[in-house]
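*Asks:* A single structure is presented below for examination.
The values are calculated or read from the model by the stated rules, or taken from the named source; none is laboratory data. Worth saying up front: this structure is predicted, and the values here are computed from it rather than measured. Note that we place each Cβ from the backbone using ideal geometry, even for glycine, and neighbour counts take in every protein chain shown.
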Amino acid sequence: MFVILSGVSGSGKNTVISHLLNDGDNRFLIKSATTRARRVDVENDAQIYDFLSDDEFQQRDKNGEFFETNNYRGFWYATQNKELQKIINNPENLYFKDIDVLGTQKLVKHLKDKAKVLTIFLDVPDDVLYNRLIKRGETDERAKFRIERGGMEREYKKHYDLIVENIDLEKTLQIIRERLKKEGY
């Protein structure tokens, strides 16, 4: 099964994924490709992304290696076809990916008859979100921009299988683990 986590920036998507990956065997992260630099504050950044130069990214895109691409704040991100093939070929495994709301819609449509997909939207109240973003090193301006973008992202919540307000990490994990158990994982 493929578990897609989306949500507003700073909602804890990668933190939740890292905990869920440690819950058992046959759980894997689907890596994205990106042109952004590694984050020094994210311990497992290289496990989440394949970091590419702009030229490498464009060449791989030209070669048809990406299912979808997205430019966010001047950096390219992509879902890699080779990663999607793993999901299709190994339905007994549990795969996780953090992806934006627009990419999620494309992936769900593409995988409809090829793989089981569970979509989860993580949300956080704006005041909590602002504090998380500032703690993470964002400037006031960037934090406010991300909160503003969160309004657009929240418009897609209705398309998700599960919506969780991630204020308390343990509660969030409990809700998601219960859903995964219900799905047979």
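*Asks:* State all residues of the stretch 18-35 that are over 25 Å from Glu56 (Cβ atoms) and surrounded by fewer than 19 Cβ atoms within 10 Å (Cβ to Cβ); if no residue qualifies, say none. Write out each step before concluding.
*Replies:* Going residue by residue through the stretch 18-35, those that are over 25 Å from Glu56 (Cβ atoms) are 18-27.
Correct list: Ser18, His19, Leu21, Asn22, Asp23, Gly24, Asp25, Asn26, Arg27.
*Asks:* Every residue in the stretch 132-165 that is of a type in the set (Ser, Thr, Tyr) and either more than 16 Å from Tyr72 (Cβ to Cβ) or in a helix (DSSP H, G or I) (or both), please.
*Replies:* Of everything in the stretch 132-165, those that are of a type in the set (Ser, Thr, Tyr) and either more than 16 Å from Tyr72 (Cβ to Cβ) or in a helix (DSSP H, G or I) (or both) turn out to be Thr139, Tyr160.
*Asks:* If you don't mind, another one. Can you run down the residue pairs with Cβ atoms below 7 Å, 6 or more apart or on separate chains, where the first is in the stretch 10-22 and under 22 Å from Gly137 (Cβ atoms) and touching a residue at least 12 places away in the same chain (Cβ under 8 Å) and the partner is assigned to a helix (DSSP H, G or I) and of a type in the set (S, T, N, Q)?
*Replies:* Val16/Thr172
*Asks:* Still on this model: Taking Thr172 as meeting all but one of (1) buried (at least 18 other Cβ atoms within 10 Å of the Cβ); (2) free of Cβ contacts under 8 Å to residues at least 40 places away in the same chain; (3) of a type outside the set (A, V, I, L, M, F, W, C), write down the number of the exception.
*Replies:* Going through (1) buried (at least 18 other Cβ atoms within 10 Å of the Cβ); (2) free of Cβ contacts under 8 Å to residues at least 40 places away in the same chain; (3) of a type outside the set (A, V, I, L, M, F, W, C) one by one, Thr172 breaks only (2).
*Asks:* How many residues does the stretch 65-120 contain that are out of contact with any Asp or Glu (no Cβ under 8 Å at 6 or more places or on another chain), polar (S, T, N, Q) and part of a helix (DSSP H, G or I)?
*Replies:* Residues in the stretch 65-120 being out of contact with any Asp or Glu (no Cβ under 8 Å at 6 or more places or on another chain), polar (S, T, N, Q) and part of a helix (DSSP H, G or I): 4 in total.
*Asks:* To continue, here is another question. Quick check on the stretch 60-106: of everything there that is of a type in the set (Asp, Glu) and within 13 Å of the chain's Cα centre (by Cα), which residue is surrounded by the fewest Cβ atoms within 10 Å (Cβ to Cβ)? Walk me through how you get there before you give the answer.
*Replies:* Within the stretch 60-106, the first condition is being of a type in the set (Asp, Glu), and the residues that meet it are 61, 65, 68, 83, 92, 98, 100.
Right, trim to within 13 Å of the chain's Cα centre (by Cα) and you get 98, 100.
Values: Asp98: 20, Asp100: 17.
Among residues in the stretch 60-106 that are of a type in the set (Asp, Glu) and within 13 Å of the chain's Cα centre (by Cα), the one surrounded by the fewest Cβ atoms within 10 Å (Cβ to Cβ) is Asp100.
*Asks:* So, in the stretch 107-139, how many residues would count as being surrounded by 13 or more Cβ atoms within 10 Å (Cβ to Cβ) and among the charged types (D, E, K, R)?
*Replies:* Residues meeting the conditions: 7.
*Asks:* Provide a single number: the residues in the stretch 19-45 that are modelled with pLDDT under 90 and part of a helix (DSSP H, G or I).
*Replies:* Matching residues across the stretch 19-45 total 1.
*Asks:* Of (1) modelled with pLDDT under 95; (2) over 28 Å from Arg154 (Cα atoms), Gly64 satisfies all except one. Which?
*Replies:* Evaluating Gly64 over (1) modelled with pLDDT under 95; (2) over 28 Å from Arg154 (Cα atoms) leaves (1) as the failure.
*Asks:* Within the bounds of the stretch 121-132, is there any residue that is at pLDDT 95 or above, of a type in the set (A, V, I, L, M, F, W, C) and more than 17 Å from the chain's Cα centre (by Cα)?
*Replies:* No - not one qualifying residue is present in the stretch 121-132.
*Asks:* If you don't mind, there's one more thing I want to ask. Out of (1) closer than 24 Å to Asp123 by Cβ; (2) surrounded by fewer than 18 Cβ atoms within 10 Å (Cβ to Cβ); (3) among the small types (Gly, Ala, Ser), the odd one out for Ser53 is which?
*Replies:* For Ser53, the failing item is (1).
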